[in-house]
Each structure stands twice: as structure tokens, then as C-alpha cells.
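Accompanying notes for the structure given below.
The values are calculated or read from the model by the stated rules, or taken from the named source; none is laboratory data. Keep in mind that this is a model prediction, so the values were computed, not measured. Reconstructed Cβ throughout: ideal geometry from the backbone, glycine too, with neighbour counts over all protein chains shown.
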Amino acid sequence: MAITPPRRPPLEFEAFCQLHQRPYLLYAQARSGSEGCARSTVERALDELSLRWRTALQSPCLPARAWELLSEAAAVHDPCRQERRWCTTAYDLLPDEQADVIVLRHGVNLNVGQMATLMGADPSAVRIRLRAAEAALRRRRPKMRTSPFLSL
Ligand SMILES: [Zn+2]
């Protein structure tokens, strides 16, 4: 009788989780404003990633694929946000990929290089996205100029 090996995630997946769990949680918490939502966001994203692990490994960029899953999982909790905070505004006004860099820069305090690594993106592309997002927020919400997060 053939023995089915227990379904265990590969070691590379465990290593990926260990490396990314904390920054993912910080992002999800900054975006949702809630620890519970952040935890369930990251759990869901990593679950999805584990189900798609083999194809994700073959994708052009694993961190980018994982980031997509994380951002999608985080969007589920956007309606949970209680107060209208600066990052709520960012998601109301900007495409998610631009609002994400606003949250990572001003909510989690990552620099462009750290954001690029985490999102699996090119640093120059992240810098362009961040400048565009900051400019769009400044244009649309002049009072955000005085926000501690956007004292540019
Ligand atoms: Zn939630």
C-alpha cells in the first residue's frame, strides 16, 4: 500500500513566511488599523500562497506574486476601518498599488529599497509610484500637507 506523505509546506515556504510575516503584519495593520484584521489578512495571504506555491515559484518574481495576494487579502478588510484616517483616504483616492507604497512609506516607515524588496518591484519603479501617489494626495487633499505622515 502506498503511503501518502503528510501534506507539509516545503521548507522554502516556511522560510519565506518567516522572512515576510512581520513586515506583512505591519503593512496590514497600518492599512486596516486593527491587529485582528491584520492577522487574518496575513493568514489568508500566506494560505493562498501555500496553495499556489509551485506556480508562484515559477512566476517571474515570487515576492511580487506574494505581494499581490497580500494586497488582495488586505482589501477584504478595507470596510472594517473604523475611523477615517490618512491611509483610508489613500485607498479611496488612489489605485491600490499606489496607496500601498504610501502605507509602506508613511505608515510602516520603509525606505524605497526596503519597499522594493518587500514588493518584489524595481526600486526606480517604486520611487516613481511613491512620488506620483504623494503628489496626487497633496493635490487632492491640501490639508494633508500638515499630516505627520506627509510632511514632504
Ligand atoms: Zn477586518
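List of remarks:
- Selected residue (criterion: surrounded by the most Cβ atoms within 10 Å (Cβ to Cβ)) from residues of region 51-100 that are among the acidic types (Asp, Glu) and in a helix (DSSP H, G or I): 100
- Where a residue in region 52-75 is within 15 Å of residue 23 (Cβ to Cβ) and among the hydroxyl-bearing types (Ser, Thr, Tyr) and its partner, wherever it lies, is modelled with pLDDT of 95 or more and part of a helix (DSSP H, G or I), with Cβ under 7 Å and at least six apart: 71/100
- Flag for residue 64 being more than 16 Å from the ligand (Cβ to nearest atom), closer than 21 Å to residue 13 by Cα and in contact with an Asp or Glu (Cβ under 8 Å, 6 or more places away or on another chain): no
- Residue within region 98-117 that is at pLDDT 95 or above, closer than 19 Å to residue 69 by Cβ and in contact with a Ser or Thr (Cβ under 8 Å, 6 or more places away or on another chain) present: yes
- Test for residue 71: is it of a type in the set (S, T, N, Q), at pLDDT 90 or above and within 16 Å of the ligand (Cβ to nearest atom): yes
- Test result for residue 94, within 16 Å of the chain's Cα centre (by Cα), more than 15 Å from residue 20 (Cα to Cα) and away from the ligand (no atom under 16 Å from the Cβ): yes
- The residues of region 40-61 that are within 16 Å of the ligand (Cβ to nearest atom) and among the β-branched types (Val, Ile, Thr), listed by number, are 41, 42.
- Residues of region 23-39 that are polar (S, T, N, Q) and more than 10 Å from the ligand (Cβ to nearest atom): 29 alone.
- Matching residues, region 105-138, being surrounded by 16 or more Cβ atoms within 10 Å (Cβ to Cβ), in a loop (DSSP other than H, G, I, E, B) and not hydrophobic (A, V, I, L, M, F, W, C): 120
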